[in-house]
1. Consider the range 3-59. How many of its residues are on the phi < 0 side of the Ramachandran plot and free of Cβ contacts under 8 Å to residues at least 12 places away in the same chain?
2. Among Gly103, Gly72, Gly137, which is farther than 25 Å from Gln13 by Cα and out of contact with any Asp or Glu (no Cβ under 9 Å at 6 or more places or on another chain)?
3. Looking at (1) open to solvent by less than 10 Å² (accessible area, probe 1.4 Å); (2) outside any loop (DSSP other than H, G, I, E, B); (3) not hydroxyl-bearing (Ser, Thr, Tyr), which is the one condition that is false for Ala79?
4. Just one of (1) open to solvent by 60 Å² or more (accessible area, probe 1.4 Å); (2) within 10 Å of the chain's Cα centre (by Cα) trips up Phe144, so point out which.
5. Identify all residues within the range 82-91 that are over 16 Å from the mean Cα position of the chain (by Cα), open to solvent by less than 50 Å² (accessible area, probe 1.4 Å) and hydrophobic (A, V, I, L, M, F, W, C); write none if there are none.
6. From the residues in the range 16-49 that are of a type in the set (Gly, Ala, Ser) and at pLDDT below 95, which one is farthest from Met158 (Cα to Cα)?
7. For residues in the range 112-132 being in a helix (DSSP H, G or I) and of a type outside the set (Phe, Trp, Tyr), which is most open to solvent (accessible area, probe 1.4 Å)?
8. Which of the residues spanning the range 38-55 are among the hydrophobic types (A, V, I, L, M, F, W, C), under 11 Å from Phe117 (Cβ atoms) and in a helix (DSSP H, G or I)?
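The values are calculated or read from the model by the stated rules, or taken from the named source; none is laboratory data. Because the structure is predicted, anything quoted here is derived from the model rather than measured. Backbone-built Cβ (ideal geometry, glycine too); neighbour counts: all protein chains shown. With ligands, DNA and RNA removed, areas are computed over all heavy atoms of the protein, side chains included. Shrake-Rupley method; radii C 1.70, N 1.55, O 1.52, S 1.80 Å.
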Amino acid sequence: VAASLGKLRQFAQGALYFDGNTLPIHDVKLDALENLIAELDGEPLFCLTAFKSDVARIRERLGYTVPYIGDGTTAAQGAAWCASFGAGSIPLLLAHPSSAAHGIDGLQNNCSNVCWFGLTWSWEEFYQANLRVIRSGSKAEQVFIYRIMMDCGIEKAMRISVENKKESEADFCRLLRDTL
């Protein structure tokens, strides 16, 4: 089941891993991301990805090496990119949610847009990654969270699963508070 879910996620993202290679399937999410970047008209965008192939395909589509925080990024390089992004020198910063959900600060200095190019199963990753921009020190009146999703069962299930985990956590906290 886990392998099938993984392949469905890859398919929704637009590329399958097959025999050590990446096989492009569609560009729907890339088109949507490119449209979002155009609509933002230069406003900074913090974009979370699911797979390494997402990063490679985004870079190829945009025609330049977009900074990425995730597997293979040193702590020093990630900190430098965050500082540059927070200062407004980098318009787009890519990250994997498990690498960016904790320990990153300064993104809120210049950014009010978060994009989920690839969803996560984890409520904590979703919540904490968004908090890299939604936090004290933000100069923005509003922060916009975008989810680029396919109209398919796996992505609907992931969204619902994360929302249900949020509710479960809130229920637990209420129960804990009420019993103290």
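1. Going through the range 3-59 one residue at a time, the tally reaches 13.
2. None of the other options fit; the residue is Gly103.
3. Looking at each condition in turn, Ala79 falls short on (1).
4. (2)
5. Across the range 82-91, the qualifying residue is only Ile90.
6. Gly42
7. Filtering first and then ranking leaves Glu124.
8. Residue satisfying the conditions is Val55 alone.
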